[in-house]
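The values are calculated or read from the model by the stated rules, or taken from the named source; none is laboratory data. Just so you know, these numbers come straight off a predicted model, no measurement behind them. Virtual Cβ from ideal backbone geometry, glycine too; neighbours counted across all protein chains shown.
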Amino acid sequence: MNNLNTVAFYTLGCKLNFAETSTISRNLEKEGLKKVGFDSKADLYIINTCSVTENANKECSRIIKKAKKNSPNSFVIITGCYAQLKPKIISEIPDVDLVIGANEKFNISKIISQKNTTKIHGCEINNLKYNSSFSLNDRTRSFLKVQDGCDFPCTYCTIPLARGKSRSDTIKNIIKKVYSIAKNDIKEIVLTGVNIGDFKDPETNEDFYDLICKLDKIKQISRFRISSIEPNLISDKIIEFVKNSKRFVPHFHIPLQSGSNDILKSMKRRYNAKLYQEKIIKINKKIPDVCIGADVIVGFPGESNKHFEDTLNFIKNLPINYLHVFPYSERENTIAFSMKNQVQIQERKERSKKLRILSNKLNRIFYSKYLGSTQKVLFEESKSGNLVGFTKNYIKVEVPFNKGIKNQEVDVKLLSINEQQRVISKIL
């Protein structure tokens, strides 16, 4: 491939991006390129970008500089959501050689081999194809994409602009991918997408409930985990299914964004606080030992101190176990970008801090309930040299390094919680 021998990847953003980077990586390895670490000197660097927040965009520029510092004569390609939204701006960065949008990101080798001098490729957003993706070898768990795009643009969100309309894989193909993943000794698969509750098989019209029922029968995978799913799309059937499943773990991540009905309406979310509250309480009541996480956006335009306090109190009164907190970030081409009553940056930071403190408390309370108990943990290696893994209900566990239990599900006794919000445990 034009004298390119080595390739390195950097992924920003969500589990979906990790799944797609891994697939692009395997495609290029089949073409003869050797994958190396991003800190290594490489002939080709591919940066898969996110554009959920302004920080992700700034991070992209930083990573480009890092790649060129590692290898000044390297070829740099930018793809992903930021590339789709801002191709011209990215193409004007001196160190960027190619910008590849959603339509062509799985055809990188073909574009390189064409020796086309055009810098921008595949950024047309209409009629996007669906491309299957899953991660392998990067982690103990595999992220499997089952759906892409979104038909319900919230006023703050650029994802529909970056990923197009909602579209899904077929259940037949997903099952095929699960068997391929299982052959690589993967024990857990995380189902991911932009809006997975909106899954609809294009051939059979089967929905997300039908998908998980069929996956539950695949014995080669011991754990399936549902990634972020909208509260209004979690049916009673799904809750009952997870309750009785031996493979789908008791863990839900359910975006809240705000506990104020005024703000939810302004965001154009498709539920109100009452629906969210009822859903969380029902899940907690029905499913023993369930862990529930939530996304929250703070400092949305028009969010007063009272609105924020409403959100804070709303969360405190629900069985939520951890939070992913995002200060509102202005995104061009969204309705919220031109809304009045923008909240000051410093105020957004202060509110974020309060919610993160609350998240730590909720997380510690949840973990404390299980101290002294025996749990099955699936371990993967951590950067600290120890082994870190998760229980089925998403308790993060740490033990001293033991090569024999990496990528294995083993019984441990949960002993204490350390400052990093991990449960120090003893292997049984």
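Can you tell me which residue in region 120-136 is surrounded by the most Cβ atoms within 10 Å (Cβ to Cβ), limited to those that are of a type outside the set (D, E, K, R) and over 17 Å from Thr192 (Cα atoms)? Don't jump to the end; show me each part of the working.
First pass over region 120-136, keeping only residues of a type outside the set (D, E, K, R): 120-123, 125-128, 130-136.
Filter again for over 17 Å from Thr192 (Cα atoms), leaving 120-123, 125-128.
Numbers: Ile120: 16, His121: 23, Gly122: 20, Cys123: 18, Ile125: 17, Asn126: 7, Asn127: 8, Leu128: 18.
Applying the filter and picking the extreme gives His121.
Out of region 226-239, which residues are outside any loop (DSSP other than H, G, I, E, B) and under 25 Å from Asn317 (Cβ atoms)?
At the first step, the residues of region 226-239 found to be outside any loop (DSSP other than H, G, I, E, B) are 226, 231-233, 236-239.
Ile226, Pro231, Asn232, Leu233, Asp236, Ile238, Ile239 - these are the residues of region 226-239 that are outside any loop (DSSP other than H, G, I, E, B) and under 25 Å from Asn317 (Cβ atoms).
Check every one of the helices (runs of 4 or more DSSP H) wholly within region 135-225 and list those with 3 or more residues that are assigned by TED's automatic domain parsing to the domain that holds Phe326 and modelled with pLDDT of 95 or more.
Numbers: elements: 159-163, 171-182, 208-215.
Hits in region 135-225: 171-182, 208-215.
Across region 377-411, which residue is nearest to Phe252 (Cα to Cα) among those that are charged (D, E, K, R) and over 24 Å from the mean Cα position of the chain (by Cα)? It would help to see each step written out before you state the result.
Kept after step one, since they are charged (D, E, K, R), are these residues of region 377-411: 380-381, 383, 392, 396, 398, 403, 406, 409, 411.
Still in the list and also over 24 Å from the mean Cα position of the chain (by Cα): 403, 411.
Values: Lys403: 30, Asp411: 23 Å.
Out of the qualifying residues, it is Asp411.
Could you count how many residues in region 195-233 are β-branched (Val, Ile, Thr) and buried (at least 21 other Cβ atoms within 10 Å of the Cβ)? Give the steps one after another, and end with the answer.
Of the residues in region 195-233, the ones β-branched (Val, Ile, Thr) are 196, 204, 212, 218, 221, 226, 229.
Imposing the further condition that a residue be buried (at least 21 other Cβ atoms within 10 Å of the Cβ) reduces the set to 196, 212, 226, 229.
The qualifying residues number 4.
Just the residues that are crowded, with 16+ Cβ neighbours inside 10 Å and either at pLDDT below 95 or of a type in the set (S, T, N, Q) (or both), please, taken from region 329-340.
Ser329, Arg331, Thr334, listed by residue number.
Cys154 versus (1) buried (at least 18 other Cβ atoms within 10 Å of the Cβ); (2) touching a residue at least 24 places away in the same chain (Cβ under 8 Å); (3) within 30 Å of Ala67 (Cβ to Cβ): which is the lone unmet condition?
(3)
Could you please give the count of residues in region 133-156 that are more than 15 Å from the chain's Cα centre (by Cα) and under 20 Å from Thr11 (Cα atoms)?
3
Of all strands (runs of 3 or more DSSP E) completely enclosed by region 1-117, which ones contain at least 2 residues that are in contact with a Leu (Cβ under 7 Å, 6 or more places away or on another chain) and β-branched (Val, Ile, Thr)? Working first, answer last.
Working: elements: 6-11, 34-36, 44-49, 75-80, 98-100.
Filter on region 1-117 gives 6-11.
If I filter region 244-260 down to residues being farther than 18 Å from Asp295 by Cα and polar (S, T, N, Q), which single residue comes out as nearest to the chain's Cα centre (by Cα)?
Ser245
Go through Val399, Val412 for me and flag whichever is at pLDDT below 95 and either surrounded by 13 or more Cβ atoms within 10 Å (Cβ to Cβ) or at negative phi (or both).
Details: Val412 fails: at pLDDT below 95.
After applying the criteria, what remains is Val399.
So for region 173-187 (the condition being of a type in the set (Asp, Glu), touching a residue at least 24 places away in the same chain (Cβ under 8 Å) and closer than 21 Å to Asn126 by Cα), does at least one residue qualify?
Of the residues in region 173-187, the ones of a type in the set (Asp, Glu) are 185.
If we keep only those that are touching a residue at least 24 places away in the same chain (Cβ under 8 Å) too, we end up with 185.
Among the residues that remain, those that are also closer than 21 Å to Asn126 by Cα are: none.
No, every residue in region 173-187 fails to be of a type in the set (Asp, Glu), touching a residue at least 24 places away in the same chain (Cβ under 8 Å) and closer than 21 Å to Asn126 by Cα.
For the list (1) within 25 Å of Tyr367 (Cα to Cα); (2) in contact (Cβ under 8 Å) with a residue 60 or more places away in the chain; (3) of a type outside the set (Lys, Arg), I need the number of the one condition that Met267 fails.
The number of the failed condition is (1).
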